[in-house]
Amino acid sequence: MTTSEIKRLFLTTPLGEATICARCGACNAVCCTHRELQWESTSPRGWLAILRGLAGSSGRISDFPPELVERVFNCTTCGKCGQVCPAHIDLRRLWVELREKIVDRGQGPAFVDQVKEVLEREHNVFDFPNEERAEWVEFMSDAPDHRYQKEKAEVLYYVGCVSSFSPGAQGITRSLAKVLELSGTDFTILGGEEWCCGFPLMAAGSKKEARTLIEHNKERLAALGARTVVFNCPSCYHMWKHEYGLEGVELLHHTEYLARLITQGRLNLGKIDDTITYHDPCDLGRNSGVYEAPREVLKSIPGLTVVEMLHNREEALCCGGGGDFEMLAPAMTQKIATRLVQEAIDADARRLVVACPQCKRIEMSGVEALKSNVRVTDLAELILESVRSADHTEATSGGADGPS
Amino acid sequence: MEDKDVKGLLELLGDRATASSFETALYQSDVAAVPPFLSRFLFQTLPDIVVRPRSTEEVASMLRYAATHRLPVTPRAAASTAYFNAVPTRGGILLDLNGLRGILDVDRERATVTVLPATRWKELDDELRYRWGLAVKSYPTSAPSSTVGGWFNMEGWGVGSLQYGSMHGQVLRAEAVLAGGKVVELTPDSNPSLHWFARSEGTMGIITSLELGLRPAPESESHRLIAFRDFRSLQQAAEKIADLDPKPYHVHFADSAFTRSIKRAGFTTELPADVHLLSVHFEGSRSEIEAAETPLAKIARETSGRELDSRLAHEEWTERFSEVRAKRAGPSLLGTETLLPLRSLASYIESVQGLGRGLGLPIYTYGAVVSPDWCQPNSFFPADERRGWSYLTALSVTKALQDRAARHGGRPYGIGVWNTPYLGRVWSSSERRERLRRKAHLDPHGVLNPGKLYAAPFLLRPSLFGLGMSALAVLRRLTVSGVGERSTA
């Protein structure tokens, strides 16, 4: 039984877990938002103490004070608190459940209703017309005629809202699509038929409202007949894995799929002469347990020097952009990101490799805040660069036909 | 505190000060689940204001203000102790020191680090290993949460103490702010001496930085686990191992009840629950470890110990910060932390087990061998703080545990408020007089962390406390069908 399985088994009720809390403060020591806000009421231990106090002897909470509501949503749901909890409390799940209880009582912050409205209207968190989901393809000079949209395919590339609409993340989408194409993968995207995975609603304490989105996406998958779904967004991946209840369908993050393609010899990787460090996204690493696949991919790129940051794998820092936190506190999100970028700088990395569109966006803002030269690159972009480097090498060493 | 004082401080620190009761209420407790009606009946635990200084200068200005206005000041960072060491007893100013966190300087040549007081032990050690190839010599088992300044103010025994001694001996220099706001540099030879501040629980001054001696980050580590049918054999082995030269880095023991409590709490472990466990950890170069490990097999044979699988030994090491996971069987825990002569460990454990049998409580004990002569056992039993009356009466068992430790030459580990009834077991009368003299010299108005360490408050004076605890014990016998029975079910 894995630790996370034990933790799932253990969660009783938020209040029960609050009593089990040892009050040691190990969670406080690693909480990225508490590190910035610093008051005890902004810490995981503080929230549990407030819950115990509210419940009193009756064991029931009838009302959540606005101060608590504000603080419980000041959380990136990165899960680091639960990872270090010596009493093995699944704190990430607890915070999400607590948000649900708050929202159920109609006490959620205003942004929750906004998220619900936007997703109900447009089915994407950016409030753009959803039929524009695949516009990123139009920026590719060498996209195939079918624009990656087929009626049937073995693999569904589920792009996700951030990778579809955010200009800062679309480079990942284009790179991954191209890599999949070059590897000969029979894949498709859903275009305007792709709806948000539901993660923003779950993080906003409105998991029930995510049902419609989930059912739609499952129907589209069934219509395609795809047996594998590939994600480049760890939150989408996490959501599908834990909330979709799919059987007989393989769900893979792109780091895992790329590792498979490389093992199968379906990608020809060329040299990249660079020193990089890899950031484990919270929903991929700590919350889904995928640590080695991205490292295997990195190891397979010739010429690449990989250095680890002080905090890596399950101890990795949060970029600050999860759990809808960026919507609430963009300035603090950037501040949190600077700690992570600083670790990459301290590791003497010239490039910070991520595997998440949201991490990429946020960490780029951290780089900007620090006025650093560190480049932020997604693993998919790095792989495409490596494939192109191989093509270039072959072209330049191609004898009479190559340039002299 | 008067409103004008609160206003004055709010003006001084702006948004790093608050008098909001939503916030200040959270500073009324530490890791101990003391029923609020009890703690608030005895003390004014609610601070009037919480302030978060970010520099020595700000700490000094706070203490100058407090001295001028005779306001009590309670320093606090992680609050990871259990005796209200960092909880106010007279309201006043709560000095939240968490803003003073991080490494200031590393001297690789001298192998020292200068560090801010609220730096967590684990983060310090991780960073030292990562960046400088150095490591702290010892750390508390609460290292993920507890702070460097906090451990210096407490007893300072933990993981690595067997090899490197108490943390107090590893502090080379410190900076402190005295009660009147004066900033002083402390060394073993300064006046006042650095030693006055060790184990002083924040009553002598506020430590604002410390210089610690370090060791090279160990090249490798090795973990061994030996099982014993009876605790006397375990003690015998522990004594032999603690006497070895070179010594292991850390030696940990746990009685069979501890493993049972972990299993009862729902954790899966292959550790056998019918034996007592002695885990021995080595750190250093490969050759150092080899040399240190060699006598272990012989000692195990001589003491009828059985070596367990190295996987289990490694599990014991990786769980060294998670002993509290047994809390799931509670959901609360009550118990004692003590310092005990190693030669008395087995008889103490037998005595505790007898107490548990008599009361129907699954009391378990685990701890560390911290020197060739001393160990630091922790004895706990599950309880349920939500069941007010039975929880209150169960507190009487903690006194019974302390009394058993005392009968075996032990004393409480840390004092704060709740262990003041046992002060006579901690210090001789001359030691106590000397400590009081130092306190009066440095803090004549008693503003720094009042109510701790030096004297028991009226209702906790040994005679009254003893009477109260006896009454609770009787009431427990008469009324309780809950705590132990529920836990053993």
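Coordinate-derived values only; no laboratory data. Quick caveat: nothing in here was measured; it's all calculated off a predicted structure. For neighbour counting, all protein chains shown are included, and Cβ atoms are generated from backbone atoms with ideal geometry for every residue, glycine included.
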For region A:27-139, the convex hull over Cα atoms projects on average to an area in nm² of 9.5
Relative to chain A, whose Cα atoms define the longest principal axis, helix A:210-224 and its Cα axis are tilted in degrees, nearest 10, by 30
Which residues qualify? For B:ALA135, with a placed amide H closer than 5 Å and at least 5 residues away or on another chain, they are B:ARG215, B:ALA217
Residue by residue through region A:95-108, the couplings from Karplus 6.51 cos²θ - 1.76 cosθ + 1.60 with θ = phi - 60°, in Hz, x for Gly and Pro, are 5, 5, 5, 5, 4, 4, 5, 5, 5, 4, 7, x, 10, x
On the formula 1/(1 + (r/R0)^6), with r taken between the Cβ atoms of A:GLN149 and A:VAL306 and R0 of 30 Å, the FRET efficiency rounded to 0.05 is 0.25
Restricting to lysines and to Cα separations under 16 Å from A:LYS241, and discarding same-chain partners fewer than 8 apart, the set is A:LYS207, A:LYS218
A correct fewest-to-most ranking of B:ASP309, B:ASP30 by other Cβ atoms within 10 Å would be B:ASP309, B:ASP30
In degrees rounded to 10, the 0-90 angle between helix A:110-122 Cα long axis and the longest Cα principal axis of chain A is 40
Taking region B:420-488, the whole-percent share of alpha-carbon pairs separated by over 16 angstrom is 63
Taking R0 as 60 Å and r as the Cβ-Cβ distance between B:SER428 and A:ARG375, the FRET efficiency 1/(1 + (r/R0)^6), rounded to the nearest 0.05, comes to 0.40
Rounded to the nearest 10, the angle in degrees between the Cα long axis of helix A:44-55 and the longest principal axis of the Cα atoms of chain A comes to 40
Exposure proxy check on A:ASP378, A:ASP346: fewest-to-most Cβ neighbours within 10 Å is A:ASP346, A:ASP378
Once amide hydrogens are built 1.01 Å from N within the peptide plane, the residues lying 5 or more places from A:ASP378 or on another chain with amide H under 5 Å from its amide H are A:VAL354
In order over region B:277-291: 3J(HN,Hα) from phi, Karplus 6.51/-1.76/1.60, θ = phi - 60°, whole Hz, x for each Gly or Pro, gives 10, 10, 9, 10, 10, 10, 9, x, 6, 4, 5, 4, 5, 4, 5
In Å, the Kirkwood estimate of hydrodynamic radius for region A:278-404 over Cα pairs equals 15.6
FRET efficiency for A:ARG60 and B:LEU478 from the Cβ-Cβ distance with R0 = 30 Å, rounded to 0.05, comes out at 0.50
Rg/Rh over Cα atoms for chain A, Kirkwood Rh, comes to 0.98
Candidate cut points under trypsin sites (Lys or Arg not before Pro) in region B:270-378, DSSP loop plus at most 15 other Cβ atoms within 10 Å of their own Cβ, are none
Expressed in angstrom and ordered largest first, the alpha-carbon extents of region B:335-378 along the principal axes are 34, 17, 11
A student applying the Cα gyration tensor rule (rounded when a/c is under 1.5; otherwise prolate if a/b is larger than b/c, oblate if not) would label region B:45-85 oblate
With x for Gly and Pro, the residue-by-residue ³J(HN,Hα) of region A:369-381, computed from phi through the Karplus equation 6.51 cos²θ - 1.76 cosθ + 1.60 at θ = phi - 60° and given in whole Hz, is 4, 8, 6, 9, 9, 4, 9, 10, 9, 7, 4, 5, 5
Candidate cut points under trypsin sites (Lys or Arg not before Pro) in region B:32-115, DSSP loop plus at most 16 other Cβ atoms within 10 Å of their own Cβ, are B:ARG54, B:ARG70, B:ARG108, B:ARG110
Of all stretches in chain B that avoid GluC sites (Glu not before Pro) placed in a DSSP loop and having at most 10 other Cβ atoms within 10 Å, the longest is B:271-489
Amide H neighbours of B:ALA273 at under 5 Å, excluding residues fewer than 5 places away on the same chain, with H built from the backbone geometry, are none
Expected sort for A:SER58, B:SER145, B:SER20 with the fewest Cβ neighbours (10 Å cutoff) up front is A:SER58, B:SER20, B:SER145
The computed P(r) of the protein assembly as shown puts the percent of Cα pairs beyond 49 Å at 25
Taking region B:220-412, the equivalent ellipsoid from its C-alpha gyration tensor has semi-axes in Å, biggest first, of 29, 18, 14
Quick shape check on region A:77-229: root eigenvalues a ≥ b ≥ c of the Cα gyration tensor, a/c under 1.5 is rounded, otherwise prolate if a/b tops b/c, else oblate, and it reads prolate
In whole Å, largest first, the alpha carbons of chain B cover along the principal axes 69, 64, 42
For region B:375-412, listing trypsin sites (Lys or Arg not before Pro) in a DSSP loop whose Cβ sees at most 10 other Cβ atoms within 10 Å gives none
